[in-house]
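Every read-out reported here was derived from the displayed coordinates using simple, explicitly stated rules and does not represent laboratory data. Owing to the predicted nature of the structure, the values given are computational and were not obtained by experimental measurement. Cβ atoms come from the backbone with ideal geometry, glycine included; neighbour counts cover every protein chain shown.
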Amino acid sequence: MTRLTNAASSVSDALNTRFSCRAFLDKPVAAEDVRYLIETATRAPSGGNLQPWHIWAMQGDPLQELVADIKAKMADQPGGEGSEYHIYPPDLQDPYNSRRRDIGERMYEVLGIAREDKIGRLGQMARNFEFFGAPCALFFALEKNMQEGQWSDMGMLIQSIMLLARERGLHSCPQEAWAIWAPSLKQRLAIPDNMIFFCGLALGYADPDADINQLESPRAPMDEVVRYIGF
């Protein structure tokens, strides 16, 4: 419970208590907190100090209008409009594919949604496009001519925002799922054509009573991840 209600007291605490929050309280996030997270996170490193990231922050009526717009479009386009990049490799191999399937099954098990309950699973997927009830959302894009290094820089920025959020007692959920609505988002946010939309990020206060927020994603054994040489 403490990871859901307490602010992080250190970087390691922020890392250990950060999770992809999928149920938020109906509690506003102060504008000064949002500005603090973004302005501080832009100290994240970037190769050659390019700082390739572009950020849009949204809350209040504009956010609710976006949610309503996407909900209406989902009736005819349940699979979205198409992303501008491959969210996962087209031929994802094990162990990565197994990890992806495993976390999905864990999530549905916590929610009590059976494998054969296709409607229930689609309904949970659709919650992405309500930001899981979060009162604030961030969106990220970078110019199309940027390369893998700059995508890595963007990841470091987003990670910095998520860890800083824990410092303020906030939680977040990075959402590449929003990439499937790139055309609509680019139009609504006035993202230029020379940029590629990357992802959204739900931001707010975690609902401590929501079962889905009890889910803990497993991590691979260290001998699969790291090789120590000369230690």
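Relative to one another, the C-alpha centroids of the range 1-54 and the range 131-160 are positioned 13 Å apart.
Counting Lys and Arg as +1 and Asp and Glu as -1, what is the net charge of the other residues whose Cβ lies under 13 Å from the Cβ of A8?
Numbers: positive: R3, R18, R166, R168; negative: D13, E167.
Its environment carries a net charge of +2.
If only the Cβ of Lys and Arg carry +1 and only the Cβ of Asp and Glu carry -1, the dipole of the chain around its Cα centre is close to 180 debye. Overall, the anisotropy analysis places the range 103-231 in the oblate class: the square-rooted eigenvalues a ≥ b ≥ c of its C-alpha gyration tensor yield a/c not less than 1.5, with a/b not exceeding b/c.
State which helices in the chain qualify, where a helix is a whole DSSP H run, it must extend 18 Å or more along its own axis by its Cα atoms, and its mean Kyte-Doolittle hydropathy must be at least -1.0. Don't skip to the end; give the middle numbers.
Working: long enough: 60-74 (22 Å, -0.13); 96-111 (23 Å, -1.34); 148-167 (29 Å, 0.13).
Helices meeting the criterion: 60-74, 148-167.
Once backbone amide H atoms are built at 1.01 Å from N, A206 has L25, H171 as its partners under 5 Å, excluding neighbours fewer than 5 places away on the same chain.
For the range 85-170, the percent of C-alpha pairs falling in each 5 Å distance bin, counted from 0 to the bin holding the largest distance, reads 3, 9, 13, 15, 21, 21, 12, 5, 1.
May I ask for the net charge around F139, where only other residues with Cβ less than 11 Å from the Cβ of F139 are counted and Lys, Arg are +1 while Asp, Glu are -1? Present the calculation step by step, with values, prior to reporting the outcome.
Details: positive: K186, R188; negative: none.
With Lys, Arg at +1 and Asp, Glu at -1, the neighbours total +2.
What order do you get for Y228, Y85 when you list them from fewest to most C-beta neighbours inside 10 Å? Before the final figure, lay out each step's value.
Working: Y228 7, Y85 12.
Ranking Y228, Y85 by Cβ neighbours within 10 Å, fewest first, gives Y228, Y85.
Summarising the label geometry, the points placed 7 Å from Cα in the beta-carbon direction at Q51 and V225 lie 3.1 nm from one another.
Using a Förster distance of 22 angstrom, determine the FRET efficiency expected from the C-beta separation of Y88 and A114, and round it to 0.05.
Numbers: r = 24 Å, r/R0 = 1.11.
E(calc), rounded to 0.05, equals 0.35.
Measuring max minus min along each principal axis, the C-alpha atoms of the chain give extents of 58, 43, 41 Å (largest first).
Amide H contacts under 5 Å for L142: I196, F198, restricted to partners 5 or more places along the chain or on a different chain, H placed in the peptide plane at 1.01 Å from N.
Can you work out the PRE-style zone for K27? Point 7 Å along Cα to Cβ, and I want the residues of the range 199-214 with backbone N under 20 Å. It comes to 202-214, nothing else.
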